[in-house]
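Novice: Can you keep this structure in mind? I'll have questions shortly.
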């Protein structure tokens, strides 16, 4: 209901704002206009060089998707954040003339979080874990059924591992939040709901976390996957090692990625138990802390390819 209302209001605003915005962006002094999200799809035009960043996996059943696909096919270029996002778009756009495409991951710089690892003891004290010296598992982001927060909670409670904590960082729908809290109601000593935190606080959470857990319905990298790895954490994600073949940026972190069968509680329980038994290796020297320079160079090369294609 809320999503439909938001889309309706967005269309009303767009009705009045689009003509003026298109006029401004159509001026010859703009070589490119880069839209940072699919929600701006209505601004895409064949008459200008429009590049659109696709971060969302479009849903075929959504009214939004059909119009978005139509508009995206008018772009000069599309940038997808990963292979699964691109594949999802291709499945919905069969029969359409597709623009130039590239897969370029989001830019990340987790130096601050990595540096804060040296202050882990002080941060633990700040959050009230003064005497805790075990392993910390963390789930970050929007608390939603599709994110599998309830799966993570159930698996952690069933694992019954000692000397461990699960931090839930984020917020979501009230009913679903209540459901998640009910799963953890008999495990309040080990499971802590942190609520929504500002970005500096999130850096601290990454700094004290040993494992970041994702509960997606299938293999998806996602923002917290990269943030966690660049920050020096291990990750527990659905999928298997073969899935990493489409994610070359993760190759440097092979030893820090643990898998389980998607949406299988028992499999996740075993992954959590295995993670708890591991000796945590220091990340300080053998893994990257970000990809800013790589992202910048990839964007430049993609822009050049569009200019070259236009001049043929």
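The values are calculated or read from the model by the stated rules, or taken from the named source; none is laboratory data. Worth saying up front: this structure is predicted, and the values here are computed from it rather than measured. All Cβ positions, glycine included, derive from the backbone under ideal geometry; neighbour counts span all protein chains shown.
Residue-by-condition table, conditions (1) surrounded by 15 or more Cβ atoms within 10 Å (Cβ to Cβ); (2) free of Cβ contacts under 8 Å to residues at least 24 places away in the same chain; (3) out of contact with any strand residue (DSSP E or B) (no Cβ under 6 Å at 6 or more places or on another chain); (4) within 19 Å of residue 164 (Cα to Cα):
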position: 227; (1), (2), (3), (4): yes, no, yes, no
position: 232; (1), (2), (3), (4): yes, no, yes, yes
position: 243; (1), (2), (3), (4): yes, no, yes, no
position: 255; (1), (2), (3), (4): no, no, yes, no
position: 274; (1), (2), (3), (4): no, yes, yes, yes
position: 296; (1), (2), (3), (4): no, no, yes, no
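Novice: Same structure again: Inspect the range 234-247 for any residue being on the phi > 0 side of the Ramachandran plot, part of a loop (DSSP other than H, G, I, E, B) and modelled with pLDDT of 90 or more and give the result as yes or no.
Specialist: Yes: one or more hits.
Novice: Report those helices (runs of 4 or more DSSP H) wholly inside the range 99-166 carrying at least 2 residues which are in the same structural domain as residue 263 (by TED's automatic domain parsing), under 25 Å from residue 271 (Cα atoms) and without any contact (Cβ under 8 Å) to a residue 40 or more places away in the chain.
Specialist: Filter on the range 99-166 gives 149-159.
Novice: I'm told residue 75 meets every condition in (1) in contact (Cβ under 8 Å) with a residue 24 or more places away in the chain; (2) over 30 Å from residue 300 (Cα atoms) except one. Can you identify the failing condition by its number?
Specialist: Unmet for residue 75, out of (1) in contact (Cβ under 8 Å) with a residue 24 or more places away in the chain; (2) over 30 Å from residue 300 (Cα atoms): (2).
Novice: So, residue 62, is that one surrounded by fewer than 20 Cβ atoms within 10 Å (Cβ to Cβ) and modelled with pLDDT of 90 or more or not?
Specialist: Criteria not met by residue 62.
Novice: A follow-up question, please. Evaluate the range 207-215: report whether one residue or more is more than 19 Å from residue 155 (Cα to Cα) and touching a residue at least 60 places away in the same chain (Cβ under 8 Å).
Specialist: Yes - at least one qualifying residue is present in the range 207-215.
Novice: Within the range 228-242, which residues are over 22 Å from residue 202 (Cα atoms) and in contact with a helix residue (DSSP H, G or I) (Cβ under 9 Å, 6 or more places away or on another chain)?
Specialist: Taking the range 228-242 as the starting set, the residues that turn out to be over 22 Å from residue 202 (Cα atoms) are 238-242.
Listed by number, the residues that qualify are 238, 241.
Novice: Condition first: surrounded by 20 or more Cβ atoms within 10 Å (Cβ to Cβ) and not in a strand (DSSP E or B). Now tell me which residues in the range 167-176 satisfy that.
Specialist: If the condition is that a residue be surrounded by 20 or more Cβ atoms within 10 Å (Cβ to Cβ) and not in a strand (DSSP E or B), then 170 is the only one that fits.
Novice: Taking the range 162-174, which residues are modelled with pLDDT under 95 and closer than 16 Å to residue 275 by Cα?
Specialist: 162, 163 - these are the residues of the range 162-174 that are modelled with pLDDT under 95 and closer than 16 Å to residue 275 by Cα.
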